[in-house]
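First up is the structure itself, then whatever we jot down about it.
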Amino acid sequence: MIVQPKKTRIVLASSSPRRTELLSAAGVAFEVIPGLVNELPFLNEAPADYIMRLARAKAVDVAKNFTDGLFIGADTTVVLDGKLLGKPADEKAARTMLRQLSGRWHAVMTGVSLYDAGSRREVADFDKTLVRMAKVSEQEIDWYVNTGEPFDKAGAYAIQGRASVFVEEIAGNYHNVVGLPMPLLYRLARQLGFSLL
C-alpha cells in the first residue's frame, strides 16, 4: 500500500532571500519566520558539525512557538583548506576571502534540518558542492566588492549573481551553492512523511 505524504504548514526559518527564491521557484507554499541564533563557530568545530548545529538551532528556535507545521532550518558555509569562510564583516574581509578563493577549488556546504512541530521529530543532513573559482584580478575584486553583493554571502560571493562570471566549474548541486539543496530538502520532507508539493 502506498502512503500519500501529508500536507502541513511549511515555515522557512531563515531570512535568506535566496532560500525564499528557491522554494518559491519550486512551487512550495510556505511562510518565512527567521530563526535567531548565534552563528559564531565553536573552537575547532568541524564545518559539517557547524552547519548542522546552526540549521537545527534555526528550525527549533522558530518551531518552539508552534504545535504543528514543518520547519526548515538551513545554514551554508564555504570551506577552503579545512577552514570556514562565513559572511565577510567588511570590505577588507570580503577582499581577503576573494583573494583566497581566486584560482582555487573550494567546498560549499549547506546543512538542512526539518523539524515537525507536531511530533517533535527532526531529520537533518547536509550537501557539499565543489566550486572552482577563476583567477580573479585585484581590479575585478574591487569591482565586485564595490557592488555590495559579497556582504551577506558565505565566502563573499553569490554564484547566482554578479560573481557567476568568476565561477569556472562546479561538481555537485548548484542550488546547494545558492543556499538550499532542493533534492535533499525534498528527500528529508519525505522521510518525515510530508509533501513539499
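Every number in this text was worked out from the coordinates using simple rules, so none of it is lab data. What you see is a predicted model, and the numbers here were worked out from it, not measured in a lab. FYI the Cβ positions are ideal-geometry reconstructions off the backbone, even for glycines, and counts take in every protein chain you see.
Each residue, LEU80 and LEU130, gets one label point 7 Å from its Cα in the Cβ direction; the gap between the two is 1.7 nm. Extending 7 Å from the Cα toward the beta-carbon at both ASP90 and ARG190 defines two label points whose distance is 4.8 nm. Taking chymotrypsin sites (Phe, Trp or Tyr not before Pro) across region 7-110, the ones in a DSSP loop with at most 13 further Cβ atoms lying within 10 angstrom of their Cβ are PHE42. Each of ASP152 and SER137 was given a label point 7 Å from its Cα along the Cα-to-Cβ line. The distance between the two points is 3.1 nm.
With a cut-off of 8 Å between alpha carbons and a minimum separation of six or more residues, what is the relative contact order of region 107-197 in percent?
So the answer I get is 35 percent.
For LYS153, a cut-off of 20 angstrom between C-alpha atoms picks up these lysines, skipping any fewer than 8 places away in its own chain: LYS58, LYS83, LYS87, LYS92, LYS128, LYS135. Candidate membrane-span-like segments in the chain, meaning DSSP H helices with Cα atoms spread over at least 20 Å of their own axis and a Kyte-Doolittle mean of 0.0 or above, are 47-63, with no membrane implied. Both radii are taken from the alpha-carbon atoms of region 2-150; with Rh as the Kirkwood radius, Rg/Rh is 1.03.
For the chain, what is the calculated [θ] at 222 nm in deg cm²/dmol (nearest 500), taking -39500 (n - 2.57) for each run of four or more DSSP H residues and dividing by its residue count?
Details: 6 runs with 62 residues, N = 197.
Taken over the chain, the calculation gives -9500 deg cm²/dmol.
Considering only ILE170, VAL28, PRO17, and ranking their Cα positions along the charge dipole of the chain that arises from unit charges at the beta-carbon of Lys, Arg, Asp and Glu, the one farthest toward the positive end is VAL28.
Put simply, the amide H of LYS6, placed in the peptide plane, has neighbours under 5 Å in PHE194, SER195, leaving out anything fewer than 5 places away on its chain.
Mind putting a number on the dipole of the chain about its Cα centre? Charges go on the C-beta only, +1 for Lys and Arg and -1 for Asp and Glu, and I need it in Debye to the nearest 20.
Values: 24 positive and 22 negative charges, 100 e Å.
Magnitude of the dipole: close to 480 debye.
Per-residue 3J(HN,Hα) values for region 74-84, derived from phi via the Karplus relation 6.51 cos²θ - 1.76 cosθ + 1.60 with θ = phi - 60°, read 8, 8, 10, 9, 9, 10, 10, 6, x, 10, 6 Hz in sequence order (x marks Gly and Pro).
Given contacts defined as C-alpha pairs under 8 Å and at least six residues apart, what's the relative contact order of the chain, whole-number percent? List each step's numbers first, then the result.
On the way: 417 pairs, mean separation 46.2, N = 197.
Reported relative contact order: 23 percent.
Taking the charge dipole of the chain about its Cα centre, with +1 at Lys and Arg Cβ atoms and -1 at Asp and Glu Cβ atoms, the residue from VAL37, LEU192, LEU70 reaching farthest to the positive side is LEU192.
Amide H contacts under 5 Å for ALA158: ALA163, restricted to partners 5 or more places along the chain or on a different chain, H placed in the peptide plane at 1.01 Å from N.
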